[in-house]
Amino acid sequence: MATRRVGGQTIFFEDLPKLVSAHTIVGKNEGQGPYSEYFDEILEDDLLGQPTAEKAERQILQQAVEQALSKYGLVPQDIQYYVSGDLLNQVISAVFSARNLAIPFLGIFSACGTFAQSLGLGSILLHGGFASKVLVATSSHYQTAERQYRYPIELNIQHRPTNQHTVTGAGACVLSADGEGPKITHVTFGRIVDMGLKDPNDMGSAMAPAAFDTLEKHLKDIECSPDHYDLILTGDLGRQGFKMLKIIAEKKGLALGTNLQDGGVLIYGEDPKYGAGASGAACSAVMTLGYGLSLLREGKIRRLLLVGTGALLNQLTVQQGDSIPTIAHAVAIEA
Amino acid sequence: MKPQEYQQLVRENQPPRRTWRNVILAFVVGGSFSLIGQIVLDFVSGVERTTDEASAITLAIMILIGAVLTGLGIYDEIAEIGGAGAAVPITGFSNTVTAAAMEFRREGFILGMGAKMFVIAGPVLVYGILSGFLVALIKSVVLGYF
């Protein structure tokens, strides 16, 4: 059987999976940032009137999923697989969002790189002929992430300039074998990269080598230079990680131009309140489905490469002195 | 690139620690809490008979101030500016307990708030009591109480 692999790590599609429908929801803070016009829905209350932030997060995810389906006139029964994940233990928001859909569910985790992973896996399911429509979604919430990975919200903490702020929001989209929309051409799943960094307050620096590893592999596999893409969007490196990625690229002789941008740097603008910028599983989801897809649809760009980055840590590994394993998955999308 | 090389590269390229700025702001914020404490103590001393009673009431009032500022969502903003100046005074201790109580209230009064209220403040109590005991022990030995 012929494989659809190119180079060492990349897969390509012939019948290109299409992003036929997408919906993005962001919280209040993200809605005040410079990219607010690209998001479909901006919440006035990050808790949506729910008693807990965990309940609010799954509600946001569910809402994004429902909207992505109804925009294209679909009901859950039209979808064969729901691929979803989030940052919480046991990807619990995704689990709850799948409860009412009553369709086969695949819960996945790559921390903040979950969205790119779900796009890749969804495309494979479609291309393998195992489905005609796949629903893909991820979410994160500032309050739920803080309490699971860090400290109580109201605690007296002085944040460092390298700290990142988890995006509250969710992005959902429908991948389809037929129909119209931006197409997924290649996927490069990343390997775990661990440079021995241990500081959970600087996840950007930890993730940058993973982003570079996957980006370099991807470009080598498809035998293209970085300017093959009009936009290379890394997920959530933040200002510090973005800086480190550029430094690594320079040292390794890979010329990255102005077509390289980072979701974590962009979403809140320059506001120092958010430290090095944004992070979270929703960050790359809303930036890809909101900002990236808009540019593709309006014809401002033709080729987009999403490099979704994730820092795979938890409180126990940090407290037990382990370093931070990181990952990056790349997904190429074409207008 | 070797991990050690990269770690060095990260250290060289991290934003500089604004130590002097942080020290000055911590002094101002911590000093302000102390000033408020002094004003309260002076006022209470006029009412209470002994210094011990006056200082106990002052501490209670400062704890209340810390808790209320935490409940209003202001204390974490003060800490963002003041750092240790907001963490070290007793208002900061009050903040750690109140913040944890607020956070874990959602998991119920017993296993949530009750069990986790001291999750941040616990180490302060444990090592505060331990160091108090050790200092008292050393003092007793030095002064020949045994």
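Of note:
- Scanning the range A:177-213 for residues that are in a helix (DSSP H, G or I), closer than 30 Å to A:Tyr151 by Cα and either within 10 Å of chain B (Cβ to nearest Cβ) or of a type in the set (Phe, Trp, Tyr) (or both) gives A:Gly204, A:Ser205, A:Ala206, A:Ala208, A:Pro209.
- If you go through the range B:98-120 and keep only what is within 10 Å of another protein chain (Cβ to nearest Cβ) and of a type outside the set (Asp, Glu), you end up with B:Thr98, B:Ala99, B:Ala100, B:Ala101, B:Met102, B:Phe104, B:Arg105, B:Arg106, B:Lys116, B:Val119, B:Ile120.
- Selection status of A:Glu54, in contact with a Ser or Thr (Cβ under 6 Å, 6 or more places away or on another chain), under 28 Å from A:Pro272 (Cα atoms) and either charged (D, E, K, R) or not assigned by TED's automatic domain parsing to the domain that holds A:Ile153 (or both): yes
- Lone unmet requirement of (1) surrounded by fewer than 24 Cβ atoms within 10 Å (Cβ to Cβ); (2) at pLDDT 95 or above; (3) away from every other protein chain (no Cβ under 14 Å) for A:Ile232: (1)
- Breaking point among (1) assigned to a loop (DSSP other than H, G, I, E, B); (2) touching a residue at least 24 places away in the same chain (Cβ under 8 Å); (3) within 14 Å of another protein chain (Cβ to nearest Cβ); (4) not β-branched (Val, Ile, Thr), for A:Leu16: (3)
- Evaluation of A:Leu254 against (1) more than 19 Å from B:Pro3 (Cβ to Cβ); (2) within 14 Å of another protein chain (Cβ to nearest Cβ); (3) assigned to a helix (DSSP H, G or I) (one fails), failing number: (3)
- Selection count where residues are within 14 Å of chain A (Cβ to nearest Cβ) and at pLDDT below 90, scope the range B:17-57: 2
- Meets criteria (over 28 Å from A:Thr162 (Cβ atoms), charged (D, E, K, R) and loosely packed, with under 15 Cβ neighbours inside 10 Å) for B:Glu5: no
- Unique residue being over 17 Å from the mean Cα position of the chain (by Cα) and within 11 Å of chain B (Cβ to nearest Cβ) when the list is A:Lys246, A:Lys217: A:Lys246
The values are calculated or read from the model by the stated rules, or taken from the named source; none is laboratory data. On a predicted model such as this, the values are computed, not experimentally measured, just so you know. As a convention, Cβ positions derive from the backbone with ideal geometry for all residues, glycine included, and neighbour counts pool all protein chains shown.
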